[in-house]
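Here's the structure we're looking at; comments come further down.
The values are calculated or read from the model by the stated rules, or taken from the named source; none is laboratory data. In this text the structure is predicted, and so the values were computed from the model without any measurement. So basically every Cβ, Gly included, is an ideal-geometry build from the backbone, and we count neighbours across all protein chains shown. Quick note on the areas: whole protein, heavy atoms, side chains included, nothing else; ligands and nucleic acids left out. Shrake-Rupley method; radii C 1.70, N 1.55, O 1.52, S 1.80 Å.
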Amino acid sequence: MALYLLFESASGYALFHAHGIDEIGQSVDAVRSTVLDLKRFSKAVKLAGFTPFLSAVDALNQCNAISEGIMTDELRNFLELNLPKVKEGKKAKFRVGVMEPKVGSHITEATGIPCESNDYVQELLRAVRLHFDQFIDQLKPSDLEKAQLGLGHSYSRAKVKFNVNRVDNMVIQAIFLLDTLDKDVNSFSMRVREWYGWHFPELVKIVNDNYLYAKLAKFVVNKSDLSEKDIPALADLIGDEDKAKEIVEAAKASMGQDLSPVDLINVQQFAQRVMNLSEYRKNLYEYLVTKMNDIAPNLTSLIGEMVGARLISHAGSLSNLAKCPASTLQILGAEKALFRALKTRGNTPKYGLIFHSSFIGRASTKNKGRMARYLANKCSIASRIDCYSDMSSSIFGEKLREQVEERLDFYDKGVAPRKNLDVMKAAIEEGMTNTVSEEGKDKEKENGDTTAKKSKKKKSKSEADGDAMDLDKPANTAAAEEGTEKKKKKKKHKLEEPQDQEMAANVDGEQDETPKKKKKKNRDAAESVEPKTATEGKKKKKKSKTEADD
């Protein structure tokens, strides 16, 4: 059976025919030693076909498809052109060797071409990669290196480029920095207490908070300068007037030693640094909360920002956390205890980083392990939803949190929780309604903007027309008055003419006046009154005829 080798290079697809190699009785080491010689390899393997990529973008698309195990249309056409045709109902008398098993399985499913990927084929393809520039005459080694370099850069850039708003690396860096800042702020605060305690030792017992102590050390500086005038300012700093009075009284009877002005300046500067660090720590925590709500809203609403960020940083990324099973997620952070327990055949740990959640603290001692297992299950679901869903919403996380609360009530009071299927159905329905409402709001906003623009245009047009009319008014007033006077004169002439004609008609036909007048009156009455039935109209006509005969 003939063997063809499919090779995906940076410049295009190549198909080689291995006709002089016998697979039977040859080990991988023997093939590896023989393929290094170009003369022997070129006699056994010959180029059957080559198609270059059209552009760098095309090469990147083909490379992405191969890495995902997908056969593109270009690759299918290339194989159908260069491979021998198989008659219908008969098996192929050849096989195609590929480097990626996924690509080979996809080719056999789509086209029916038999593919294989084993150690023997991979050694042959490595030899093809080694001597590839010798098989194609027009391809120079420098061109091939440039194509490989450009494709490698573009492929790695495309792999690294994710959604900017959903980069979990920022969360990992932020949580690491937050932990180090907590340690640094605590150590620096203790240094401020120790340093300023030589001058004002009584202040340590009055103020316990590190940030407030640094503020007071910067404000007071020299205890001998404190007086009752400073009580309002101290009360504003501390928020307690009694403590402010206590500080002033303690400064009067303090047992601390006096410090030189240079030493006090250094203490004041160091206290300012501690204050800046603690303020930066607050801002960093707010940044972490916003990033966690963007990247993993469901995990954040379920377990909190800090614990969720620690889980993501320990796993390496959100996708790694989503790939972890619930049992692994449960003991994340307790690897040393787990391997120690496996080594000594002791009890394995029940929880790791997940122990910092408030749910496990609220559970009783005998139910802590159960609660940790249940919470790890829900956290794995939430992380998978956050990682693989396109819609970023915290509906599923809120529903999962309700389930954990119900489980706590079940362990404590025995109240039966809802089924997972019902809860997920309710979450999906809420998500659909929210998306529909958001789309409706967006459409209303767009319609409102368009109507506002149209109304503005109409207003501007009407104002322009009004200004034009105002400008034309003074010029046309005189002409309009003359036109009205002419119209009045014409109306008078028209009224006089019909009156003269009526007078002449009355003089000529005075005898026939009575019947004509009565007929006109009857017509006017019939027109003015509402239409009546046919019988009433006939009766009236008869009456009018009798009156005319009389």
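Grab the other residues whose beta carbon is less than 11 angstrom from that of residue 415, score K and R as +1, D and E as -1, and report the net.
-1
Once the Cβ-Cβ distance between residue 358 and residue 19 is put in as r, and R0 is 56 Å, what FRET efficiency do you end up with, to the nearest 0.05?
E between residue 358 and residue 19, to the nearest 0.05, is 0.20.
At q = 0.12, 0.13, 0.17, 0.18 Å⁻¹, what is the log10 ratio I(q)/I(0) for the range 92-214, with the Debye formula run over Cα points and no solvent?
Summing over Cα pairs of the range 92-214 leads to -0.77, -0.84, -1.04, -1.07.
Using 0.36 nm per residue, how much length does the chain from residue 430 to residue 272 gain when fully extended, once their Cα-Cα distance is taken away?
Taking 0.36 nm per residue and subtracting the Cα distance, the gain is 52.0 nm.
Rounded to the nearest 0.05, what FRET efficiency do residue 105 and residue 209 give with R0 = 51 Å and r taken as the Cβ-Cβ distance? Could you check?
0.20
First check a/c for the range 289-428, with a ≥ b ≥ c the square roots of the eigenvalues of its C-alpha gyration tensor; if it is under 1.5, answer rounded, and if not, answer prolate when a/b is larger than b/c or oblate otherwise.
oblate
Under the classification rounded if a/c is under 1.5, otherwise prolate if a/b is larger than b/c and oblate if not, where does the range 1-144 fall, given a ≥ b ≥ c as square roots of the Cα gyration tensor eigenvalues?
oblate
Counting only protein heavy atoms and a 1.4 Å probe, tell me what percentage of the range 85-241's accessible area is made up of carbon and sulfur.
53
Considering the Cα trace of the range 148-247, what is its radius of gyration and what is Dmax, both in angstroms?
For the range 148-247, the Cα radius of gyration and maximum Cα-Cα distance read 24.1, 78 Å.
Can you sort 66, 428 by 1.4 Å-probe accessible area, starting with the largest?
The ordering from most to least exposed comes out as 428, 66.
Counting only heavy atoms of protein chains, what accessible area per residue, in Å², does the range 90-153 have with a probe of 1.4 Å?
Here the residues of the range 90-153 average 59 Å² of exposed surface.
Measure off 7 Å from each Cα along the Cα-to-Cβ vector at residue 93 and residue 402, then give the distance between these two points in nanometres to one decimal.
6.9
Could you give the length gained by full extension between residue 190 and residue 81, i.e. 0.36 nm per residue of separation minus their alpha carbon distance, to one decimal place?
Here the segment from residue 190 to residue 81 would lengthen by 31.5 nm.
Between residue 173 and residue 347, what is the label-point separation in nm under the 7 Å Cα-to-beta-carbon projection?
4.3
Along the Cα→Cβ direction, 7 angstrom out, place labels at residue 285 and residue 116. What is the inter-label distance in nm?
Modelled inter-label distance: 6.5 nm.
Determine the order of 1, 424, 391, 190 by accessible area, beginning with the largest, at a probe radius of 1.4 Å.
So, going from the largest accessible area down, we get 1, 190, 391, 424.
Sort the range 311-381 into rounded, prolate or oblate with this rule: let a ≥ b ≥ c be the square roots of the eigenvalues of the Cα gyration tensor; rounded if a/c is under 1.5, and if a/c is not under 1.5, prolate when a/b is larger than b/c, oblate otherwise.
Here the range 311-381 falls in the oblate category.
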